[in-house]
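Inspection log for the structure reproduced underneath, given as structure tokens.
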Amino acid sequence: MPHLGPQRYVPGQSRPYPPPQSGSPVPPHWWWFVVPLATFGFGTFAMVWIAGTRLATRRTTMAAAGYAASAFLTFLLIIVGSPDGVLGGLTALLLLMLWFGGTAHVAVLQTRVRQLDAGTPAPPVVTHADDPGIAAAQWRQQRRREARELLLTNPGMAAELRIGRPDVPDRSYRTAAWSM
């Protein structure tokens, strides 16, 4: 087999595959989930706030405020409350929510920030406008709407076009249109 040498790009032809890289760079956000995990959830609000400012989403920034309030309340309950009773149970519940729920939330946010930093577009929003089945169903729905309108405005023509249930004797078209 002859050696072809390095491939060159010729306009109009497909490009050759890029050479494989020796290793992918470690993303700079890999450690985000460690913060809420190592701080028992008390550092969750900081990482969620950073993600909210990077993603520029109000919902994430508000979640950071919620995590901060929960952390403050949990801290107060640990200091003031007793380990047994209702306050102890509430404290444990809040602590577990901050710790594990916050860690999972930060893990999701770190992947979104990584996609944003890498320039990877967000997954496309799926619309049903291009689906022929949805378009056909919408067309049929519009035709039924027009038939009901015709039934109300011109019952004679509706009877001639056999709109409604003309096979059922003594059926009032007007009441059939209002019941739909």
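Quick look at the values:
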read-out: Single condition P6 does not satisfy, out of (1) modelled with pLDDT of 60 or more; (2) not assigned by TED's automatic domain parsing to the domain that holds A104; value: (1)
read-out: Flag for F75 being aromatic (F, W, Y) and modelled with pLDDT of 85 or more; value: yes
read-out: Matching option when the condition is of a type outside the set (A, V, I, L, M), under 30 Å from Q115 (Cα atoms), surrounded by fewer than 17 Cβ atoms within 10 Å (Cβ to Cβ) and at pLDDT 85 or above, among G23, G66; value: G66
read-out: Those residues of segment 71-92 which are in contact with a helix residue (DSSP H, G or I) (Cβ under 7 Å, 6 or more places away or on another chain) and under 19 Å from T44 (Cα atoms), in sequence order; value: A71, L73, T74, L77, I78, L90, T91
read-out: Pair list, Cβ under 6 Å, 6 or more apart: segment 96-113 residue in a helix (DSSP H, G or I), other residue acidic (D, E); value: none
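The values are calculated or read from the model by the stated rules, or taken from the named source; none is laboratory data. It should be emphasised that the depicted structure is a prediction, and the values quoted were computed from it without experimental measurement. FYI the Cβ positions are ideal-geometry reconstructions off the backbone, even for glycines, and counts take in every protein chain you see.
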